[in-house]
Amino acid sequence: MALNAGIVENTAPDPTPERLKIQENGFENGVEVRWYRKSAADGGSTHIPVDELIPFLEKHRDYALWYQVVRHDFAGGVHEWIVSQPDCPNAVAAAFIDAVGGADLYGLTSRPSHSNHIYRAAEIVSRRDMADGFPSDTMRDPEPGEPGFFFNFERLDRKALLEQCEAAAHAQLALGKTPIYAVPKNLLSKTPTGPRLRTEYSVDDTGIS
């Protein structure tokens, strides 16, 4: 059985200098990590369809789950909801930019006619980056192969992603055009700290299981 953990917010963060051991419950960088929290009333499997994602995510504020969700093409305002949450971790917002192709977004000089949730979420990220930003001490970037992440992905190369986004924006500026989104430099320049979170849930294009 895979080792899984859920999280709940700690209203009084008390960062500790040591990492929690595997299967050890406790607080790390203000986030409570608890193992084996997932359960179904009938003992069966859980499935949350796309149209019920936001209420479920609001109730289960599981950052590792949010990280998986932003890497899927869900409509219905799911991405907008996640990146607009005050506690949305830097790691989650950066994963969203990576998943949707940041270089393509920041080279746009006009809003596409088929403007959808992806563009609205990107606008929220850029706006927040110029204001208070995203918390960077509640979740680290996950590493490939970590338990609790049920998909294949490469480690997020923040430097390369930032360079790609800036290159796309500068190319348009050199042509006398103005990109519609500001590159989230603060977001991608930081190295987030905090626990290496795990989630009990897996995500595919039909929802959460």
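The values are calculated or read from the model by the stated rules, or taken from the named source; none is laboratory data. Note that the structure is a prediction, hence the values are computed from the model and not measured. We place every Cβ from the backbone using ideal geometry, glycine too, and count neighbours over all the protein chains shown. To get the accessible areas, we keep the full protein, side chains included, count just its heavy atoms, and leave off ligands, DNA and RNA. Shrake-Rupley method; radii C 1.70, N 1.55, O 1.52, S 1.80 Å.
Consider the range 187-209 and keep the residues that are surrounded by fewer than 16 Cβ atoms within 10 Å (Cβ to Cβ) and not in a loop (DSSP other than H, G, I, E, B). The one that is modelled with the highest pLDDT is 189. Of the residues making up the range 162-185, those that are among the polar types (S, T, N, Q) and buried (at least 16 other Cβ atoms within 10 Å of the Cβ) are 164, 172.
For the range 118-163, taking the residues that are more than 15 Å from the chain's Cα centre (by Cα), over 19 Å from residue 107 (Cα atoms) and among the acidic types (Asp, Glu), the one that is modelled with the highest pLDDT is identified as 132.
Taking the condition within 14 Å of residue 139 (Cβ to Cβ) and either buried (at least 19 other Cβ atoms within 10 Å of the Cβ) or among the charged types (D, E, K, R) (or both), does residue 104 pass? No; evaluated as a whole, the condition is false for this residue.
Residues are listed down the side, and each one gets a yes or a no for (1) at pLDDT 80 or above; (2) open to solvent by less than 30 Å² (accessible area, probe 1.4 Å); (3) hydrophobic (A, V, I, L, M, F, W, C):
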{"residue": "9", "(1), (2), (3)": "no, no, no"}
{"residue": "15", "(1), (2), (3)": "no, no, no"}
{"residue": "76", "(1), (2), (3)": "no, no, no"}
{"residue": "80", "(1), (2), (3)": "yes, no, no"}
{"residue": "95", "(1), (2), (3)": "yes, yes, yes"}
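In the range 46-73, the residue that is most open to solvent (accessible area, probe 1.4 Å) out of those that are within 19 Å of residue 101 (Cα to Cα) and in contact with a strand residue (DSSP E or B) (Cβ under 7 Å, 6 or more places away or on another chain) is 72.
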